[in-house]
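Everything below concerns the one structure shown next.
The numbers here are math on the coordinates, done by the rules we state, and not lab data. Just so we're clear, the structure is a prediction, and the values are computed from it rather than from any experiment. All Cβ positions, glycine included, derive from the backbone under ideal geometry; neighbour counts span all protein chains shown.
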Amino acid sequence: MKPRLRIFILSVFLVCSTLLRWNAQAEVKVIETDSTYIIGDNDSKVDARRIATQEAKRKALELAGTFVASLTDVKNYQLSIDEVKMYTAGVLETEIVSEQMRGTTEHPEIYIKARCKIDTNVLMAQIDRYRENEDLKDQLGAFAKENDDLKKERDALVKQLAAEKDKKQAEDTRSKLDAVLSKEESNDDTHKVWVNIGPQLIELDENNPDIGQNDLDRSAAMLQKAIAANPQNQRARFLLASIYQRQGNNAAAESEIRTALQYHPANPSLHLRLGVLLRAQGKYDMALDEFHFVERVRPHNPLMLFNTGMTYKDMGHCGKSAPYLKRFLREPQSRKFPKRREKAVQVLRECGERPGHIRRLGQR
């Protein structure tokens, strides 16, 4: 056999062996759960189905979180079980696979089965992405807290409704329960957008791929519906603002972020996004107010450092711009933004920084 042919065959063998080992490490886990809701005298069948659906989805994500916590790679991250469940719920989508009426005429019940699939390779890559991005973690944290609060509120109303004897009071309680269920369903719609295009849409990352106009329009319609059902839905407003920004409508994006801040004034991710939008519109002083807010709570955030430095440069203040851009280049996370690093180095040169010092910073 000729040497070149032998080398080629050996190379193919090595590549195939590597792929087989990689695929052997991957696992697709299917998790199915169910939920049964007994329909009481004060319940409607529609609301009973909605409640059973929410419970089946919640149980599926709970089991998924428990499974993910058992994975060796996740254990190596030394995450708490709450963090694991937050990440898992943030990247998985559940589906309803069956439903049926059961029980007797006197005691009817509705049965719902839900399913979610976990591709461990994809999941680990997504968890890595979320762990490294404070903005994404903010969104997941807000989502998890809101869902927990809504479940507690729903459980209390279901218990109250079951015990209610007065028809008028029962009607009032059903109305409150309907509002809570609408908010939970609003979160479900928002989550569908999040899973499909969320991270690449909201990350302020120069490497994000384009998203088709049809996907943007369809997602915007779902988010607008979600906001109509729950005006406090922070993630829906954040995503919708990101769509508007992607489409070049900075004024509409700013409006959504400002509305979200009315409900969640301490969220640094919202302040960072507002600052970016204000800078894009030439409102530099207002943008700096937002970036300095972020700096007080997250002094090492690379995107805050870069945008603060660039805003000062836009205003012609090299003396204030350079320290922020140097801090940006020193941050290990800035490696995720090579184009911004190049721009920071360019601005430092324009501002008269020593070439040797700039070169060392650029190589960090």
Residue by residue, what Karplus-based ³J(HN,Hα) values in Hz, rounded to whole numbers, does segment 192-197 have, using 6.51, -1.76 and 1.60 with θ = phi - 60° and x for Gly and Pro?
-> 4, 5, 4, 5, 6, 9
For G65, the net charge from surrounding residues (Cβ-Cβ under 10 Å; K, R +1; D, E -1) works out to -2
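Using a cut-off of 12 Å between beta-carbons, work out the net charge of the residues near L177 (Lys and Arg +1, Asp and Glu -1, L177 not included).
-3
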Computed magnitude of the charge dipole of the chain (debye, nearest 20; Cβ of K, R +1, Cβ of D, E -1) | 2000 debye
For segment 198-353, with +1 on Lys and Arg beta carbons and -1 on Asp and Glu, the positive-most of L348, N233, V276 along the dipole = L348
Please give the peptides 34-45, 210-221 ranked by average Cβ packing (other Cβ atoms within 10 Å per residue), highest first, as a rough proxy for protection.
-> 34-45, 210-221
Could you pull the Rg and Dmax for segment 215-364, using just the Cα atoms, both in Å?
-> 17.0, 57
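Based on the mean of other beta carbon atoms within 10 Å per residue, what is the order of 127-139, 332-344, most packed first?
Put in order of decreasing packing, that is 127-139, 332-344.
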To the nearest 0.05, what FRET efficiency results for Q224 and D119 with a Förster distance of 30 Å applied to their C-beta separation?
-> 0.45
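Taking the beta-carbon count within 10 Å as an exposure proxy, list M86, M101, M286, M304 from fewest neighbours to most.
M101, M286, M86, M304
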Please work out how much length the chain gains when fully extended from R330 to R258, using 0.36 nm per residue of separation minus the C-alpha to C-alpha distance, in nm with one decimal.
-> 22.8 nm
Pairing the Cα long axis of helix 268-280 with the longest principal axis of the chain, what angle in degrees results, from 0 to 90 and rounded to the nearest 10?
-> 50 degrees
Simple SL model, points at 7 angstrom along Cα→Cβ for R129 and R296; separation in nm is 3.3 nm
